[in-house]
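Reading through the structure tokens given below for one structure.
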Amino acid sequence: MAWPEGYGRRVLAEVDSTSAEGARIARSLSGPEWILGLKQTAARGRRGRPWVNPAGNFAASLVLRPTEAPEVVALRSFVASLALYDALEAVVGDASGLALKWPNDVLLHGGKLAGILLESAAGHLIIGVGVNLIAAPQAAQVEAGAVPPVSLLAETGKRVLPEALLDALAEAYAVREAAFVTYGFAPIREAWLARAARVGEEIIARTGSNAYRGTFETVDEQGNLVLKTSEARRAISAADVFF
Amino acid sequence: MSNKNHEADVAFIKALADVLRDNDLTELQVKREYGEDDSLNVRVSRVQPQAPIAAAPVQHSVPVAAPAAAAPAPAAAPADDLPEDPAAHPGAVTSPMVGTVYMQAEPGSPAFISVGSTVKEGDTLLIVEAMKTMNHIPAPRAGTVKRILIEDGAPVEYGAPLVILE
């Protein structure tokens with residue numbers, strides 16, 4: 001495997017959060033940079049949810065300086081989750097049991113294996129990626145109704161080192177990013193949908209103010225979750241999805 | 001604005017201002033439909049309870065197909081510092097994307113801003129989330145937060161006014 005040209009690589013023994021570190025160093029970077037934290041002391045999930053991150057699990061962030069409009073920048077949620085799927089397929093050796101959950105979770109055997117959180121500020125985008133390589137939190141530690149967490153080790157018996165996954169992810173990401181920049185969202189969307197969980201099935205999308213139950217029809221050209229409820233067809237841009 | 005309605009409009013606005021004051025409201029917006037393509041939008045607001053009542057611009061929307069004689073006036077749409085649509089306010093900061101608004105970095109954290117906050121250019125005003133991307137919306141310039149037009153957790157559309165910054 002070859003480290004992609006033009007991407008920086010730094011590995012930190014310990015860091016509060018790789019995304020926080022990314023935000024601190026973003027201005028000083030001359031190009032995209034991957035930051036791997038072997039140990040994170042203040043890992044965070046969406047909206048401040050704790051993200052359990054023992055040593056041996058994967059925690060890395062990619063710092064980019066995209067120039068597109070914000071709604072286009074946000075589509076990297078799909079670029080990143082697709083690349084992570086590719087990378088996991090590469091390190092595990094096959095893709096059986098892997099699936100994507102809108103907008104950017106990676107599932108293994110129906111459980112949550114990985115989460116991605118993107119943060120855009122001051123001209124930079126930070127893509128934070130967490131993968132339960134060797135350990136997952138107990139189901140009781142996550143929100144009721146959420147997809148139960150799983151680890152790669154427990155599900156497959158394979159022990160993958162964080163640096164090995166970083167190499168695979170950086171390579172896969174560079175390929176998907178190049179496609180995104182060159183051809184736009186269409187090829188990413190198509191590949192993403194081909195790997196998506198629960199298309200055509202009933203799901204629940206909980207937004208900041210409402211919860212909608214309906215059939216997960218597709219992801220539209222803007223990246224929205226398209227849900228057909230009993231009343232309407234809704235395009236949802238931000239929500240937690242429950243199966 | 002057609003003259004025949006002018007006096008009635010003024011009376012109407014005065015009545016609204018009374019309602020505003022008598023009920024101790026800070027803002028009131030009313031749309032009156034006079035007929036097809038002819039309506040009146042009024043917003044009256046008070047900056048502080050003690051402050052005098054300021055009447056917002058009054059604007060009759062003139063139908064495109066109106067007789068030419070009625071046409072010269074539409075340019076008379078008053079240009080002052082209180083446009084009826086907050087998005088048109090010169091101090092409006094609008095949403096660059098469709099998403100969900102968060103007023104603080106994470107639940108339990110203090111809000112980035114409140115009315116009266118002074119901000120520097122580039123300071124985060126709020127977050128708009130879409131596709132699990134947290135977009136920090138920066139202050140386009142230094143100023144004071146005059147109004148916050150959205151609520152935490154609410155969905156916003158592209159171009160929706162978020163904050164008035166002066």
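Membrane-span-like helices in chain A, defined here as complete DSSP H runs extending at least 20 Å along the helix axis by their C-alpha atoms with mean Kyte-Doolittle hydropathy no lower than 1.0, are A:76-92; this is a sequence and geometry rule, not a statement about a membrane.
The calculated FRET efficiency for A:T229 paired with A:V175, based on their beta-carbon distance and R0 = 60 Å, is about 0.95. For A:I204, the solvent-accessible surface computed with a 1.4 Å probe is close to 40 Å², ligands and nucleic acids excluded. Peptide B:132-143 has a mean of 6 when you count, residue by residue, the C-beta atoms of other protein chains within 10 Å of its C-beta. Suppose R0 equals 22 Å. What FRET efficiency, 1/(1 + (r/R0)^6) with r the Cβ-Cβ distance, do A:D220 and B:A154 give to the nearest 0.05? Taking R0 as 22 Å, the efficiency between A:D220 and B:A154 is 0.55. Using equal-weight Cα scatterers in the Debye expression, the normalised intensity of chain A in log10 at q = 0.18 Å⁻¹ is -1.54.
Of A:V142, A:V15, the order by accessible heavy-atom surface (1.4 Å probe, DNA, RNA and ligands excluded), from most exposed downward, is A:V142, A:V15.
Multiplying the residue separation of B:D85 and B:T118 by 0.36 nm and subtracting their alpha-carbon distance yields 9.5 nm. For A:F58, the solvent-accessible surface with a 1.4 Å probe is about 0 Å², rounded to the nearest 10. The string of couplings for region A:230-241 from the Karplus curve (6.51, -1.76, 1.60, θ = phi - 60°) is 5, 9, 7, 9, 10, 9, 10, 9, 9, 5, 9, 9 Hz, one whole number per residue in order, with x for Gly and Pro. Given their separation in residues at 0.36 nm each and the Cα-Cα distance between them, A:R213 and A:A95 gain 39.6 nm when the chain is fully extended. Under the criterion of Cα pairs below 8 Å and six or more residues apart, the relative contact order for region A:108-236 equals 13 percent. The slack in the chain from A:R24 to A:W3, taken as 0.36 nm per residue of separation less the alpha-carbon distance, amounts to 5.2 nm. Taking amide H positions as modeled 1.01 Å from N, with prolines and chain starts lacking one, no residue 5 or more places away or on another chain lies under 5 Å from B:I113.
Remark: for residue pairs A:K101/A:K228; A:K39/B:K132; A:K39/A:K101; B:K120/B:K146, the C-alpha separation exceeds 20 Å in A:K39/B:K132; A:K39/A:K101. P(r) tail for region A:202-242: Cα pairs beyond 16 Å make up 21% of the total.
The values are calculated or read from the model by the stated rules, or taken from the named source; none is laboratory data. This one's a predicted model, so the numbers in the text were calculated from it and none came from an experiment. No Cβ is skipped: glycine too gets one built from the backbone with ideal geometry, and neighbour counts run over all protein chains shown. These accessible areas exclude ligands, DNA and RNA; they are computed on the full protein's heavy atoms, side chains included. Shrake-Rupley method; radii C 1.70, N 1.55, O 1.52, S 1.80 Å.
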